[in-house]
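Structure record follows, encoded as structure tokens.
The values are calculated or read from the model by the stated rules, or taken from the named source; none is laboratory data. Since we're looking at a predicted model, the values are computed, not measured. FYI the Cβ positions are ideal-geometry reconstructions off the backbone, even for glycines, and counts take in every protein chain you see.
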Amino acid sequence: MKTDFKKVRAWLKLLQAPEIGKARAINLAKTLGEPYTFIEENANRLDDIDNLSDSARNFLRSDDFNYNWLEIEKLMQKFDIKFISILDDSYPIPLKNIFDPPPFLFYRGKLPPNGFHRSIAIVGTRKASDYGKLQARKIARQLSEAGFMVISGLAYGIDSMAHWGCLEAGRANTYAIMGTGCDQVYPPRNRKLAEKIMENGAIISEYIPGHKAERWNFPERNRIISGLSLGCLVVEGSKKSGALLTAPL
């Protein structure tokens with residue numbers, strides 16, 4: 001699938017506009033269509049939007065752009081990063097129904113052609129016991145053998161074992177939801193695992209290419225792990241673990 005860069009740029013610009021957050025951006029797109037149609041192709045349509053502030057309207061008409069667009073485009077081309085918006089047919093249907101759905105996703109690899117209809121999240125602590133790692137790998141392998149996709153976060157410990165277990169079975173694909181841009185693999189030592197995942201599955205992120213790992217990114221991405229899954233299995237986790245925050249989402 002060839003990336004339409006004007007589509008990517010328009011979504012990013014819309015989210016930078018004053019007083020327009022993710023929820024309003026999604027509502028505008030659902031009403032008016034892809035943002036490039038009313039930002040770049042026919043900016044006069046901005047006059048028809050109710051309750052749009054002058055500052056937002058002027059920003060969307062301007063050449064201002066708060067990101068380094070050339071760097072984003074370069075990274076997307078270098079790492080073959082694809083883009084889908086919430087308006088695309090390939091956008092995961094389960095994500096549309098969660099609280100705070102991402103307006104778009106970046107990914108490397110392949111999304112499931114029939115959607116995330118049979119997927120289970122397996123998450124847990126990075127500091128897992130040997131027994132916990134063994135069980136995560138075993139359960140993921142059994143789920144894959146039964147035809148379930150496995151969703152996790154590529155972290156050390158339980159996440160990594162879940163991905164490896166699914167890959168070992170080879171019956172279903174596994175998908176890693178990132179807390180960084182898709183141009184990066186975090187943690188870096190899981191680069192080999194990420195490459196194996198992308199052979200038939202994908203690494204997926206709501207963050208723009210170039211976005212570095214920040215502590216708050218990982219709890220935020222947990223809603224996507226949960227939203228893509230029929231259920232969430234926490235193998236091991238402390239009382240303050242991010243894994244325990246994922247399960248109730």
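Hey, could you check the range 17-48 for residues that are buried (at least 16 other Cβ atoms within 10 Å of the Cβ) and among the basic types (Lys, Arg) and say which is farthest from the chain's Cα centre (by Cα)?
Arg24
On the basis of being in contact (Cβ under 8 Å) with a residue 24 or more places away in the chain, of a type outside the set (S, T, N, Q) and surrounded by fewer than 12 Cβ atoms within 10 Å (Cβ to Cβ), does Phe99 make the cut?
yes
Taking the condition of being crowded, with 23+ Cβ neighbours inside 10 Å and among the aliphatic types (A, V, I, L, M), how many residues in the range 161-193 meet it?
5
Tell me which residues, restricted to the range 1-57, are of a type in the set (Val, Ile, Thr) and outside any loop (DSSP other than H, G, I, E, B).
Result: Val8, Ile26, Thr31, Thr37, Ile39.
Quick test of your reading of the structure: Ala121 fulfils all but one of (1) surrounded by fewer than 23 Cβ atoms within 10 Å (Cβ to Cβ); (2) of a type in the set (Gly, Ala, Ser); (3) within 13 Å of Gly231 (Cβ to Cβ). Name the failing condition by number.
Just one mismatch for Ala121, condition (1).
Here is a list: Leu154, Leu134. Which entry is buried (at least 21 other Cβ atoms within 10 Å of the Cβ), modelled with pLDDT of 95 or more and over 17 Å from Leu230 (Cα atoms)?
Selected residue: Leu154, the only one of Leu154, Leu134 that is buried (at least 21 other Cβ atoms within 10 Å of the Cβ), modelled with pLDDT of 95 or more and over 17 Å from Leu230 (Cα atoms).
State yes or no: is Ile197 among the β-branched types (Val, Ile, Thr) and not in a loop (DSSP other than H, G, I, E, B)?
Here the answer is yes, as Ile197 does meet what is asked.
Under 7 Å between Cβ atoms, at least 6 apart or on separate chains: pull out the pairs that start in the range 49-64 with a residue that is surrounded by 10 or more Cβ atoms within 10 Å (Cβ to Cβ) and end on any residue that is among the small types (Gly, Ala, Ser).
If the second residue must be among the small types (Gly, Ala, Ser), the pairs left are Ala56/Ala17; Phe59/Ala17; Leu60/Ala17; Arg61/Ala43.
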